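Engineer: Once you've had a glance at the structure underneath, I'll fire off some questions.
The values are calculated or read from the model by the stated rules, or taken from the named source; none is laboratory data. Please read all numbers here as calculations on a predicted model, not as lab measurements. Cβ: placed from backbone, ideal geometry, glycine included. Neighbour counts: every protein chain shown. The protein model used for the area step is the full one, side chains on, heavy atoms only, and it has no ligands, DNA or RNA in it. Shrake-Rupley method; radii C 1.70, N 1.55, O 1.52, S 1.80 Å.
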Amino acid sequence: MESLKTGALEQPGENGVAPRAAVINGQLVIKHPPGGPYPVIVPCPGLRLVVNGEERSEPTPVNEKDRVEIIVLDERREGYWQIKVSADKQEALLQVKPWVLVRRQVRDLPPARVLYLEVLEHEEFYKPFTLEDLTREMGRQGIKYGIDWQACARGLEASTEGTLIIARGQPPVPGKDATVELFFTTQQKVPVAVGEEETVNFRERFRFTAVEAGMVLARKHPAKVGQPGKAVTGEIIVPPEPRDIQMTAGSGAVLSKDGLEVIATIAGRPVARGVKGRVVISVLPALMHPGNVDITSGNISFTGDVMIAGQVEEGMSVEAGGNIYIEGAVSRAMVRAGGLIEVRGNVFSSLLAAGSTGVLQQKCGAILARVAAILEQFVAAATQLFHHPSFKKDDLKGGIGPLVLLLLEKKFCELPAAVELLKKETYSLPAISMNSSTALINDLERLVRTPLAINSLEQLESMLKEIITWRDEINTPPQGASDIIIHYAINSTVIATGNIKVLGDGCYHSRLQAGKAVAVHGVFRGGEIQAQGDVYIKELGSRTGTSTRVETQAGATVTIDHAFENTSIRIGSRQYSFVQEEWGVQLWLDREGNLARRNIPA
C-alpha cells in the first residue's frame with residue numbers, strides 16, 4: 001500500500017487557467033484559477049481517496065491547498081489444494097488454486113478537469129503447498145501406484161485454478177459373456193426367390209426352414225475371463241465375472257463331446273428356445289401323411305411338423321408340436337399345433353388351436369409350482385440330514401433310500417398326494433404336451449412309491465432341476481405367437497396366440513379368438529371375433545340381421561368394408577352398434593378413450 005501526495009502544475013504564461021488535475025510520474029498534480037473553479041477527482045476500486053484526512057468514495061473537487069492522499073491497496077487472494085481419489089480408484093486428482101498477491105499502483109494520467117483515477121495491477125503467484133506436503137498427503141491417502149510426477153510438478157507451478165490427474169490406475173479388462181451362435185434362421189419361414197414358386201405348395205411364396213441330419217445347428221463361444229486391474233492405492237481390482245450360458249440339445253439333436261456344438265441327428269425344422277440362461281436347440285421332424293386322417297389312419301400326434309395331403313375327417317384329431325399343414329378339409333375334428341396351422345380346404349364344425357405347448361400346460365402351473373417348492377425343501381432337508389454327524393453313514397451303504405423314506409413319513413407326507421395330483425393334471429392334457437414331462441412324472445412316482453430305490457442325493461437333485469426347468473418353461477411367455485390361416489369356416493372355433501387370417505369366402509356362425517390381429521377377406525356372418533389387435537373384415541353380418549359381434553382391445557383399430565345392421569363392435573369399454581347398412585367404416589378410441597370413427601373408401 002502506498003500513498004501519493006499532491007503537487008502543482010507549472011503555471012502557464014497567462015492568468016486565465018482552466019482547472020486541471022493529472023498524475024505525473026506517480027504524483028498527483030492539481031492546477032486551477034484563483035477562487036476556482038476546481039478540478040474533480042473520481043476514485044476507483046483498488047485505492048482509497050483521502051482528502052484532508054477524510055476518505056471519499058464519490059467524485060470530489062480539490063484545490064491546491066487540500067491535503068490529498070491516494071492510498072493504493074494491494075490484494076491477497078487465498079489459494080487452496082486437495083487430493084481426491086475417484087470412486088473407482090482409477091485416478092488421483094489434484095485440485096489446486098495458487099495464492100495470489102495483487103500489487104497495484106496509480107496509472108499516470110494526462111491533465112483533465114475531471115480526473116478518473118486508474119490503477120495498474122501486477123499479480124504474483126505463490127505455491128499453496130510444497131512437494132513434501134504433496135508427498136505426505138499422497139502417503140496419507142495410500143496413493144502409491146501410477147504416480148505422474150510431471151503432473152505433480154505442474155501442480156506446484158500452476159498459476160491458475162485447475163485440476164490435474166497426478167496418478168492413474170490400470171482399469172480391469174472385462175471378460176466376454178458366453179454366446180450361442182445359431183446357424184439357422186429362427187423365423188418359421190423364409191421368402192422364396194422369384195422363379196421358385198413351383199416348388200411351394202402354399203398360397204404365399206414361402207419355404208419353411210429345414211435342416212439335414214449331421215448339420216451343425218449352433219456353436220457356443222465360451223465365456224472369457226477378464227484381466228484384473230490396479231487401483232492408484234495399489235489394490236487389485238477384479239473384473240466382473242462373465243456370464244455363462246448353458247447350451248443343451250433337445251430332441252432331434254446331440255451335443256458334441258466338448259459341449260460347444262449342437263448337431264442335428266434327424267432331418268426336420270430347427271428350433272431354439274431360451275429360458276433363464278439356458279438355450280435348448282432341437283430339431284422337430286416333419287411327418288408326411290399322404291392321405292386322409294380317418295379311422296384307418298387313426299389320430300395323429302407328433303412332436304414336429306405335420307403335413308397332411310388329404311383331409312381330417314369326423315371325430316379325428318391332429319396334434320403337433322410344430323406346424324400343421326392340411327391340403328383338404330377339416331370336418332367335425334380337432335387340430336392343435338404348437339406353431340402355425342394352415343388349412344387349404346374348408347373347416348366344418350371343428351376346433352383349431354395354435355399356440356405353444358407351454359400354453360397348453362399352464363392349467364397345471366399351480367400344482368407344478370407346489371410340487372417344485374415341496375421337492376426343493378425335501379432335497380435341502382435330505383442333504384442336511386445326510387451330512388449331519390449324528391446320522392449313521394453305515395445305514396446308507398446301499399443308498400439313501402432309508403433317509404428318503406424317513407423324510408416322507410415324518411416331514412413330507414404331503415408330497416405323494418401332490419405328485420399324484422400333478423400326474424392327473426398333466427395326463428389330462430393333449431398328448432403332444434406330455435412328451436417332455438412323462439419321464440419326470442415317472443421319476444417322481446418312483447420317489448414317493450419306492451423311496452428305498454433312491455441311491456444318491458444326485459438323483460434327487462436331478463429331479464429337482466428338471467421340475468424347476470419345467471416350471472420356468474410354462475411360466476415363461478411364448479417368444480413367438482402362432483398364426484392360423486384358413487379359407488372358409490362354418491360352425492367352428494378358431495383360436496390362435498398370434499394372428500388369424502381368413503383368405504377365402506369367409507366364416508359363418510363361428511368364433512375367432514386371436515392373441516394379435518384378425519383379418520377376414522371375405523364374409524363374417526354370425527358368431528363373434530375376439531382379438532387383442534386390429535381387426536379387418538370385408539363384409540360383416542347379413543341382411544337378415546344375424547347377430548354378429550367383434551371385440552378387441554383399446555389401442556386397436558377395426559375396419560369394416562361393408563356392415564349390416566344388428567352387428568356390434570366393442571373396442572375396450574366402448575361399443576358401437578350398426579343400426580343400418582353402412583360402407584367403409586373405421587373405428588378406434590381417441591386419446592380421451594372415446595369412440596372415434598371415420599369413413600374410408602369401400
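Engineer: Residues Ser436, Ser390: which one is farther than 17 Å from Trp470 by Cα, among the polar types (S, T, N, Q) and at pLDDT below 85?
Structural biologist: Checking each option against the conditions leaves just Ser390.
Engineer: Do we have any residue at all in region 132-139 that's out of contact with any Gly (no Cβ under 7 Å at 6 or more places or on another chain), part of a strand (DSSP E or B) and either open to solvent by 30 Å² or more (accessible area, probe 1.4 Å) or not small (Gly, Ala, Ser) (or both)?
Structural biologist: Within region 132-139, not a single residue is out of contact with any Gly (no Cβ under 7 Å at 6 or more places or on another chain), part of a strand (DSSP E or B) and either open to solvent by 30 Å² or more (accessible area, probe 1.4 Å) or not small (Gly, Ala, Ser) (or both).
Engineer: Here's a follow-up. Report whether or not Val68 is in contact with an Asp or Glu (Cβ under 6 Å, 6 or more places away or on another chain), open to solvent by less than 70 Å² (accessible area, probe 1.4 Å) and over 30 Å from Pro128 (Cβ atoms).
Structural biologist: no
Engineer: If a residue counts only when it is free of Cβ contacts under 8 Å to residues at least 12 places away in the same chain and out of contact with any Pro (no Cβ under 7 Å at 6 or more places or on another chain), which strands (runs of 3 or more DSSP E) contained entirely in region 224-309 have at least 2 such residues?
Structural biologist: Those strands (runs of 3 or more DSSP E) span 253-255.
Engineer: Can you work out which of the residues in region 214-267 that are under 24 Å from the mean Cα position of the chain (by Cα) and within 14 Å of Leu182 (Cβ to Cβ) is least open to solvent (accessible area, probe 1.4 Å)?
Structural biologist: Ranking the candidates gives Met247 first.
Engineer: Continuing with the same structure: Which is modelled with pLDDT of 85 or more and hydroxyl-bearing (Ser, Thr, Tyr), of Ser456, Ser462?
Structural biologist: Just a single option satisfies the conditions, and that option is Ser462.
Engineer: Filter region 141-165 down to the residues that are hydrophobic (A, V, I, L, M, F, W, C) and within 17 Å of Lys127 (Cα to Cα) and list them by number.
Structural biologist: Trp149, Ala151, Cys152, Ala153, Leu156, Ala158, Leu164
Engineer: Now a separate question. Could you check how many residues of region 104-121 are in a strand (DSSP E or B) and touching a Leu at 6+ places or on another chain (Cβ under 9 Å)?
Structural biologist: The qualifying residues number 8.
Engineer: Quick one: Leu109 ticks every box in (1) under 30 Å from Val17 (Cβ atoms); (2) at pLDDT below 90 bar one, so which box is it?
Structural biologist: (2)
Engineer: Moving to a separate point now. What single numbered condition from (1) more than 30 Å from Ala329 (Cα to Cα); (2) hydrophobic (A, V, I, L, M, F, W, C); (3) open to solvent by less than 10 Å² (accessible area, probe 1.4 Å); (4) over 41 Å from the mean Cα position of the chain (by Cα) fails to hold for Ala563?
Structural biologist: Of (1) more than 30 Å from Ala329 (Cα to Cα); (2) hydrophobic (A, V, I, L, M, F, W, C); (3) open to solvent by less than 10 Å² (accessible area, probe 1.4 Å); (4) over 41 Å from the mean Cα position of the chain (by Cα), only one is false for Ala563: (1).
Engineer: Then there is this: Can you report the number of residues in region 282-331 which are more than 24 Å from Ala267 (Cβ to Cβ), crowded, with 19+ Cβ neighbours inside 10 Å and not polar (S, T, N, Q)?
Structural biologist: 4
Engineer: Something else now. Could you please let me know if Ala92 is farther than 30 Å from Gly46 by Cβ, in contact (Cβ under 8 Å) with a residue 40 or more places away in the chain and open to solvent by less than 50 Å² (accessible area, probe 1.4 Å)?
Structural biologist: Here the answer is yes, as Ala92 does meet what is asked.
Engineer: Keeping to region 515-544, report how many residues are open to solvent by 20 Å² or more (accessible area, probe 1.4 Å) and outside any strand (DSSP E or B).
Structural biologist: Total meeting the criteria: 7.
Engineer: Would you point out which residue out of Ala153, Ala87 is open to solvent by 70 Å² or more (accessible area, probe 1.4 Å), without any contact (Cβ under 8 Å) to a residue 40 or more places away in the chain, over 30 Å from Ile41 (Cα atoms) and not in a strand (DSSP E or B)?
Structural biologist: On inspection, the qualifying residue turns out to be Ala87.
Engineer: Collect the residues in region 119-131 that are within 30 Å of Pro39 (Cβ to Cβ) and either within 50 Å of the chain's Cα centre (by Cα) or exposed (fewer than 14 other Cβ atoms within 10 Å of the Cβ) (or both), keeping them in residue-number order.
Structural biologist: Leu120, Glu121, His122 - these are the residues of region 119-131 that are within 30 Å of Pro39 (Cβ to Cβ) and either within 50 Å of the chain's Cα centre (by Cα) or exposed (fewer than 14 other Cβ atoms within 10 Å of the Cβ) (or both).
Engineer: For a quick check of your reading of the model, give me the residue pairs whose first member lies in region 540-553 and is closer than 11 Å to Phe578 by Cβ and at pLDDT below 90, whose second is of a type in the set (Phe, Trp, Tyr) and open to solvent by less than 70 Å² (accessible area, probe 1.4 Å), with beta-carbon atoms closer than 9 Å and at least 6 apart or on different chains.
Structural biologist: Hits for this filter: Gly545/Phe564.
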